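Before I ask anything, let me first share the structure, which is written out below as structure tokens.
Rule-based calculations on the coordinates, nothing more; no lab input. All figures in this text were calculated on a predicted structure; none of them were measured in a lab. As a convention, Cβ positions derive from the backbone with ideal geometry for all residues, glycine included, and neighbour counts pool all protein chains shown.
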Amino acid sequence: MLGSFFELSVWSRDVAASAAFWEGLGFTQGVVGDTWPHRCAVLHDDRLALGLHAYEFDSPSLTWVRPGLAEALPELRALGLAFEFAKTGPDEFHEAGFRDPAGQVVTLLEARTWSPGPTRPPLATLLGHFREYRYATADPAAVTAFWETLGLVQDLDGPRAIATGITLAPRSGLGAPVLAFEQDDLAAAAARLGERGYAVDADAGVVRLGAPDGLQIVIESAEG
């Protein structure tokens, strides 16, 4: 319905510095095309792609690729989606955006804007395996129910909505958006990050570190 999940798009105030942060953790740069007039970079592993954009928008955005976007908009509007913008002119790259009930921005693109590079991304970076994207809401159950109407699958073990390429975990009581990863040995993970110069906070079975552009990172036990 929405298409294929593509990237978590982020407004980056300093694309070069942000890219260096993620590369230092083991992420691989994608090959960016010439679709966007602004500077951008993509960093990805085998489960998460971060699009870093030197362009001001309400960030981050959950971004999907939906071929035939212009033709699909009437069907999506019939589901109750209120698009805040829809660029579908004959000389425009087609894109449209709406918000979920939590206010999370969602963007649909007509085609990919980057491709994987020649280097195969790692199965796991220094952060481990990507688990889910968490963001704030007063009603996690209502948000996951909304995503189910768009074709995602509700996780019966908690308020999560699962799609190929992303697991969404709306949570009450959160501040900044969180990228949650998992590792078998948290102490070893914290030590490796510290050796690379990353400032970490390890307590109560969780490793935390700040990321550029308003994101937070947590690493939790893979057994949790």
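Would you mind checking which residues have amide H under 5 Å from residue 6's amide H? H placed 1.01 Å from N; only 5 or more apart, or other chain.
Here the answer is 63, 64, 65, since their amide H atoms fall under 5 Å of that of residue 6.
Also, quick follow-up: Note down the relative contact order for the range 4-115 as a percent, whole number, built from C-alpha pairs under 8 angstrom at least six residues apart. Show your work: numbers first, answer last.
Details: 212 pairs, mean separation 32.9, N = 112.
Result for the range 4-115 is 29 percent.
Just to be sure I understand: with springs between alpha-carbon atoms less than 10 Å apart, which residue in 61, 18, 172 has the highest mean-square fluctuation in the Gaussian network model of the chain?
Its mean-square fluctuation being the largest, the pick is 172.
Using modelled amide H (1.01 Å from N, peptide plane; none on Pro or chain starts), what sits under 5 Å from the amide H of residue 111, excluding residues fewer than 5 places away?
Amide H neighbours of residue 111: 66.
Of all the stretches in the chain, which is the longest one without any exposed loop site, taking trypsin sites (Lys or Arg not before Pro) in a DSSP loop (any state but H, G, I, E, B) with at most 15 other Cβ atoms within 10 Å? Write down the numbers at each step before the final one.
Values: sites that count: 13, 39, 112, 196.
Longest site-free region, per DSSP loop and neighbour criteria: 113-195.
I would also like to ask the following. Top mean-square fluctuation among 179, 126, 76, Gaussian network model of the chain, C-alpha springs under 10 Å?
Ranking 179, 126, 76 by mean-square fluctuation puts 76 first.
Right, next: What is the Å³ per residue value for the convex hull set by the Cα atoms of the range 1-64?
Residue-normalised Cα hull volume stands at 92 Å³.
Let me ask something else. What is the antiparallel percent of DSSP beta bridges lying wholly in the chain, to the nearest 5? Walk me through the numbers before you get to the answer.
Values: 41 of 60 bridges.
Among the beta bridges of the chain, antiparallel pairing accounts for roughly 70 percent.
How large is the Kirkwood hydrodynamic radius of the range 129-221, in angstrom, based on all distinct alpha carbon pairs?
On the way: mean 1/r = 0.0705 Å⁻¹.
Over the range 129-221, the inverse of the mean reciprocal pair distance is 14.2 Å.
Could you tell me the relative contact order of the range 129-221? Use alpha-carbon pairs under 8 Å, at least six residues apart, and round to a whole percent.
After rounding, I find 29 percent.
For a label point 7 angstrom out from the Cα of residue 88 toward its Cβ, which stretches of the range 1-17 have the backbone nitrogen within less than 19 Å?
1-4
Here's something else I'd like to know. With a cap of 11 neighbouring Cβ atoms within 10 Å, and only residues DSSP puts in a loop, list the GluC sites (Glu not before Pro) found in the range 158-223.
Details: sites: 182, 195, 220, 223; in loops: 223.
Taking the range 158-223 and a limit of 11 other Cβ atoms within 10 Å, the loop GluC sites (Glu not before Pro) found are 223.
Now for a different question. Can you figure out the FRET efficiency of residue 184 with residue 20, using R₀ = 30 Å and their beta-carbon distance, to the nearest 0.05? Numbers along the way, then the final one.
Values: r = 27 Å, r/R0 = 0.91.
Given R0 = 30 Å and the Cβ-Cβ separation, E is 0.65.
Tell me the relative contact order for the chain as a rounded percent, counting alpha carbon contacts under 8 Å between residues six or more apart.
Working: 483 pairs, mean separation 42.8, N = 224.
Relative contact order of the chain: 19 percent.
Quote the Stokes-Einstein diffusion coefficient, in whole µm² s⁻¹, for the range 17-152, based on the Kirkwood radius over alpha carbon pairs, a temperature of 37 °C and a viscosity of 0.692 mPa s. Can you show the working numbers first?
Numbers: Rh = 16.6 Å.
Diffusion coefficient, whole number: 197 µm²/s.
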